[in-house]
Amino acid sequence: MANKTFSHVLLMGREGIAGVPETLEKTHQYLNQQGVKVSVESNSSQLMSANHQVIADHEISADIDLIIVIGGDGSLLHAAHIAEQYALPVLGVHRGRLGFLTDIPPDAIEQIGPVIQGQYLIDKRHFFVSEFTTDNNEKQKELALNEVVLLPSDTAHMIEFDTYANNELIYEHRADGLIISTPTGSTAYALSGGGPILHPSIDATILLPMFPHTLSSRPIVIDGSNQVRVHINDSNDSAPHISFDGRNKKRLQLNSDIIIQKHQHPLTLIHPEGYSYFQTLREKLGWERRARRT
């Protein structure tokens, strides 16, 4: 079955990343030449010259069928949260640092052409949906594509918490925090914390304690269908925080639970034909450089 083609693109980019304004302009011009209708997200439009259609991210029209984001993985994460609301696929043009999620080089914008014509690979990435109680007793929900992170309060204290999978106790902890990561997030914050890299096709969740009190504490990978429950003990001196993809930081209520499970609606990432996850790892992590013989 052939992939669908795209006729109306929402173009996005983030301020503060070198080369984004120029690549936004270049991409906008290229899409126009291909006969594609282009709308520019309102904040992104401020990085560009005039003469383009501007749209706010909460006013996305029904005929938009693809988001193209210019930037790094942080930019794509921002676009992913918008895409989830409208069930839109996302294609990334790389203008960041490592860029595990953004594929197309800024000097190869013409790679977008075949994608628009339906020649691309589809990559489903799941979100977490988390339910928790804030310190003012509000019940809230948040999504995360990469990770949910339990963090200390404004003053550095170890956190006492218990972690469960499907209500079965995994461990009781005293640590600086906990990273709960999707396979997508395994190349993000969890990677810098010493966690394993998971192929995005694996249905799994990483639990990674941060600077635990006991040396026997190790990362563990559990089935992605498991519901994770983290109980914040009332023995803590102060209430810890929780963040989602490095954003929306909230203070938690003591003696409360964080419930984390796979969201029912995945993100659809679009890759150009020929994309290889392992090639991306080799390039971004320097695995192509053999150790020199001495």
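Summary table below
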| read-out | value |
| --- | --- |
| Theoretical FRET efficiency, 1/(1+(r/R0)^6), r = Cβ-Cβ of S276 and K141, R0 30 Å, to 0.05 | 0.30 |
| Set of lysines near K249 by C-alpha distance (under 30 Å), chain-local residues within fewer than 8 positions excluded | K124, K139, K141, K262, K284 |
| Listed residues S186, N255, T155: farthest to the positive end of the dipole of segment 128-262 (Cβ charges) | S186 |
| MRE, 222 nm, helices only [DSSP H, n ≥ 4, -39500 (n - 2.57), over the chain, to nearest 500] | -4500 deg cm²/dmol |
| Dipole magnitude of the chain about its Cα centre (Cβ charges: Lys, Arg +1; Asp, Glu -1), debye to nearest 20 | 880 |
| Expected-Rg normalisation [2.2 N^0.38 Å, Cα atoms] applied to the chain | 1.08 |
| Euclidean distance between Cα centres, segment 100-151 to segment 196-267, Å | 18 |
| DSSP-loop GluC sites (Glu not before Pro) across segment 98-161, with at most 16 other Cβ within 10 angstrom | E138 |
| Cβ-placed point charges (K, R +1; D, E -1), dipole of segment 128-262 about Cα centre in debye, nearest 20 | 300 |
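None of the figures in this text is laboratory data; all of them are computed from the coordinates on show. Keep in mind that what you see is a predicted model, and the values were worked out from it rather than measured. Every residue, glycine as well, gets a Cβ built from its backbone with ideal geometry; the counts of neighbours run over all protein chains shown.
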